[in-house]
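All remarks here apply to the structure that follows.
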Amino acid sequence: MDAVILAAGIGSRMQNRAKDTPKCLLNINGTTLLERQIQLLLNNQIQTIYIVGGFQFQKLKQYIDSLHLQQIILIENKDYFTTNNMYSLSLVEPFLKGKDFLWLNGDILFENEIIQEILKPSFQNAIAVDATCYFEESMKVSIQNNQIQAISKEILPSNASGTSIDLYRISATASFDLFLKIQELLKENKKSWSEVALNAILKLHFFYPCFIHSKWIEIDDIEDLKLAQKIF
């Protein structure tokens, strides 16, 4: 199985900490966020990791080159400033359409057990879900009969079953419809979230909630970074 890490954003809420550096290269107790993700993926037999960068792309390229890992393919989103992560995800279509893959955002930090869980054979399509929290800025999910019914930032607390941690498992069959929907939606709006396309195919493919019970954090701002330093 392969994986894609979406890491093209400018990290606007990080103030000066990410002014000249991609957010995925922020240091967490001696190791960058991106290297932690890469090691978790490689430790769990992910074969090829596609990383979509944009902001400060040359710095990201230099860093990736310094790792000397043949399993990494770096792709540039040259339109990162006028697009969103749906457009970034569309750039890996030539490599991942019709294939099983993991998809994650470049600003999440999590424990190994979460990758191990979502890679279990019982999951073909899955969304990693924390059922213990509701974050206004995060993607929420609604679940019925152990099936994801919807994913959106707009789901109200009364209808939310948990929060997506921005880690997704996509089957080979679902990936066809996902990329078709992405191309359709990009014609209308290039600044849309990739989860909008995912939400649109939930009626076509059964997505399981992969409930997590380990530590994770999405690093959006300085306070998140400080908390990550404490818990990881």
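The values are calculated or read from the model by the stated rules, or taken from the named source; none is laboratory data. Bear in mind that the values here come from a model prediction, so they are computed numbers and not experimental data. Don't worry about glycine lacking a Cβ; one is built from the backbone with ideal geometry, like all the others, and counts go over all protein chains shown. In case anyone asks, the SASA skips ligands and DNA or RNA and just uses the protein heavy atoms, side chains included. Shrake-Rupley method; radii C 1.70, N 1.55, O 1.52, S 1.80 Å.
When residue 53 is evaluated against the numbered criteria (1) without any contact (Cβ under 8 Å) to a residue 60 or more places away in the chain; (2) open to solvent by less than 10 Å² (accessible area, probe 1.4 Å); (3) over 15 Å from the mean Cα position of the chain (by Cα), which criterion, by number, is the only one it fails?
(3)
Here are 148, 165: which of them is surrounded by 15 or more Cβ atoms within 10 Å (Cβ to Cβ), within 30 Å of residue 230 (Cβ to Cβ) and not hydroxyl-bearing (Ser, Thr, Tyr)?
Working: 148 fails: within 30 Å of residue 230 (Cβ to Cβ).
None of the other options fit; the residue is 165.
Pick from the stretch 168-199 the residues that are touching a Lys or Arg at 6+ places or on another chain (Cβ under 6 Å) and buried (at least 17 other Cβ atoms within 10 Å of the Cβ): which of them is nearest to residue 137 (Cα to Cα)? Write out each step before concluding.
Just the residues of the stretch 168-199 that are touching a Lys or Arg at 6+ places or on another chain (Cβ under 6 Å), to begin with: 172, 175, 179, 197.
With buried (at least 17 other Cβ atoms within 10 Å of the Cβ) added as a condition, the list becomes 175, 179, 197.
Numbers: 175: 26, 179: 25, 197: 18 Å.
Ranking the candidates gives 197 first.
I'm trying to understand the selection: among the residues of the stretch 174-201, which are in contact (Cβ under 8 Å) with a residue 40 or more places away in the chain and of a type in the set (S, T, N, Q)?
Within the stretch 174-201, the first condition is being in contact (Cβ under 8 Å) with a residue 40 or more places away in the chain, and the residues that meet it are 174-176, 179, 182-183, 185-186, 190-199.
Answer for the stretch 174-201, where residues must be in contact (Cβ under 8 Å) with a residue 40 or more places away in the chain and of a type in the set (S, T, N, Q): 175, 183, 192, 194, 199.
Filter the stretch 88-110 down to residues that are under 21 Å from residue 39 (Cα atoms) and among the charged types (D, E, K, R) and give me whichever is surrounded by the most Cβ atoms within 10 Å (Cβ to Cβ).
107
Mind checking which residues of the stretch 202-232 are open to solvent by 60 Å² or more (accessible area, probe 1.4 Å), touching a residue at least 40 places away in the same chain (Cβ under 8 Å) and closer than 21 Å to residue 144 by Cβ?
Listed by number, the residues that qualify are 206, 208, 211.
What residue, among those in the stretch 60-77 that are in contact with a Gly (Cβ under 9 Å, 6 or more places away or on another chain) and more than 15 Å from residue 38 (Cα to Cα), is most open to solvent (accessible area, probe 1.4 Å)? I'd like the intermediate steps shown before the answer.
From the stretch 60-77, those in contact with a Gly (Cβ under 9 Å, 6 or more places away or on another chain) are 60-61, 64, 74-77; that's our starting set.
Pick out the ones that are also more than 15 Å from residue 38 (Cα to Cα) and you get 75-77.
Values: 75: 24, 76: 78, 77: 2 Å².
Here the residue is 76.
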